[in-house]
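Participant: First the structure, which I've put down as structure tokens, then a few questions once you've had a look.
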Amino acid sequence: MKKPLADILYISTTCLLLLISCGKREYKGYIYDNEKHVPLKGVIVKYHGQQVKSDKNGYFVVEDNDAVSDDITFSKNGYIPDTSETIIIHSGEQMTERFRNGHDTIFLLPIPKVQLQNNERDLSKSATIKWPITSQQFQKFYKKNPQTREYTLVVPSGYDLKIYADTGTHFQESPFGYEIKPGGRYLTAARFQLSGTDCKIIVYNVTGENDSPVLNIQLNSYNKEGQLQDALLLDSRFIFEVEYYRDFRIEETGIIKLKLHQIEHYTYNEQGDITGYIKDPQVESSSVTYQLQADRKFRKVDRLND
């Protein structure tokens, strides 16, 4: 993931690795708190299925024999995680693999305290939530451009954007992969308990195909320690050549019903080129039902085509 230098909310990273062809590779370096400049112990470092933790001096070593370059991730509770890209430079029989800026020290930024304060305010906002929870209750958090039909996030008065810091969770009902990444911005629209599990609905924009905005409404489940357990995309609104949007309904029993819609606005020839615009396009819809299980995971229980 490319990181602008001005955005200090991401991990400022990189370390150097020397690789001899057909030999073993090692990533090694030190990890520090970006504000206090002290070593961080217990940071989880993942690369190619390998996982290690930094020691009391913030030092880590990851070994790998695979000849394919990959991303390396750093995460620790209370800090904003991130993923860094690696590159391989060939020079004769010797190859050097390194992070893009070539340094040997990694700085992790603590999650801002204001984010925790915002979570407390969210609880009071959700105290009056009405059941069932429906998609209509969240229309104030986005708007649609009548000319481009693009959806963008709206932040109402009293709500704040926060920094997304969760990692390693599979997103349910996300066929296109347009999902929030660590460091992304979102707002918390509601917090409540569903079947005894703490849940939160968040709303955010991400960038999709051709740099078009994608508006997502996402349901998260958490354990008693406040750690994310699962994520379900309740709504995903965007338009490229086809327009997509959803309606949803959440029951107190833990049943979540989604209705997925798509509208084809264009006609195409056999080569896949656009040949015309459909004046009165038809809406194609399908339905899918999920249920929040005792393990705090969302499980698909039914699917029907309309």
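The values are calculated or read from the model by the stated rules, or taken from the named source; none is laboratory data. Bear in mind that the values here come from a model prediction, so they are computed numbers and not experimental data. Neighbour counts are summed over all protein chains in view; Cβ atoms, including those assigned to glycine, are modelled from backbone coordinates with ideal geometry. Side chains are part of the model used for accessible areas, which takes the heavy atoms of the whole protein and leaves out ligands, DNA and RNA. Shrake-Rupley method; radii C 1.70, N 1.55, O 1.52, S 1.80 Å.
Participant: Find the strands (runs of 3 or more DSSP E) located wholly in the stretch 207-267 whose residues include 1 or more that are of a type in the set (D, E, K, R), and list them.
Facilitator: 228-239, 242-250, 255-264
Participant: Let me spell it out: the conditions are (1) surrounded by fewer than 21 Cβ atoms within 10 Å (Cβ to Cβ); (2) assigned to a strand (DSSP E or B), and Val203 meets all of them except one. Which number is the exception?
Facilitator: The number of the failed condition is (1).
Participant: Return the residue satisfying two criteria in turn: it lies in the stretch 177-191 and is open to solvent by 20 Å² or more (accessible area, probe 1.4 Å) and in contact (Cβ under 8 Å) with a residue 24 or more places away in the chain, and of such residues it is farthest from Lys259 (Cα to Cα).
Facilitator: Pro182
Participant: Asn118 versus (1) at pLDDT below 75; (2) part of a strand (DSSP E or B): which is the lone unmet condition?
Facilitator: The number of the failed condition is (2).
Participant: Something else: Are there any strands (runs of 3 or more DSSP E) wholly within the stretch 1-72 with 1 or more residues that are among the aliphatic types (A, V, I, L, M) and at pLDDT 80 or above, and if so which?
Facilitator: Counting at least 1 such residues, we get 25-33, 44-47, 50-53, 59-64.
Participant: For the stretch 158-176, give me each residue that is part of a loop (DSSP other than H, G, I, E, B), within 22 Å of Tyr244 (Cα to Cα) and either in contact (Cβ under 8 Å) with a residue 12 or more places away in the chain or within 9 Å of the chain's Cα centre (by Cα) (or both).
Facilitator: Across the stretch 158-176, the qualifying residues are His170, Glu173, Ser174, Phe176.
Participant: Residue by residue through the stretch 40-52, note down the ones that are under 21 Å from Tyr79 (Cα atoms) and either open to solvent by less than 60 Å² (accessible area, probe 1.4 Å) or out of contact with any strand residue (DSSP E or B) (no Cβ under 6 Å at 6 or more places or on another chain) (or both).
Facilitator: Selection gives Leu40, Lys41, Gly42, Val43, Ile44, Val45, Tyr47, Gln51, Val52.
Residue by residue, here is whether (1) open to solvent by 70 Å² or more (accessible area, probe 1.4 Å); (2) under 19 Å from Leu194 (Cα atoms); (3) at pLDDT below 90; (4) in contact with a helix residue (DSSP H, G or I) (Cβ under 8 Å, 6 or more places away or on another chain) holds:
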{"residue": "Arg237", "(1), (2), (3), (4)": "no, no, no, no"}
{"residue": "Gln271", "(1), (2), (3), (4)": "yes, no, yes, no"}
{"residue": "Ile274", "(1), (2), (3), (4)": "yes, no, yes, no"}
{"residue": "Ser285", "(1), (2), (3), (4)": "no, no, no, no"}
{"residue": "Thr289", "(1), (2), (3), (4)": "no, yes, no, no"}
{"residue": "Arg299", "(1), (2), (3), (4)": "yes, yes, no, no"}
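Participant: Oh, and also: Can you confirm whether Arg299 is in contact (Cβ under 8 Å) with a residue 24 or more places away in the chain and basic (Lys, Arg)? Before the answer, list the steps.
Facilitator: On the way: in contact (Cβ under 8 Å) with a residue 24 or more places away in the chain: no; basic (Lys, Arg): yes.
Against the criterion (in contact (Cβ under 8 Å) with a residue 24 or more places away in the chain and basic (Lys, Arg)), Arg299 does not qualify.
Participant: Pick from the stretch 239-255 the residues that are surrounded by 16 or more Cβ atoms within 10 Å (Cβ to Cβ) and of a type in the set (Val, Ile, Thr): which of them is farthest from Thr289 (Cα to Cα)?
Facilitator: Ile239
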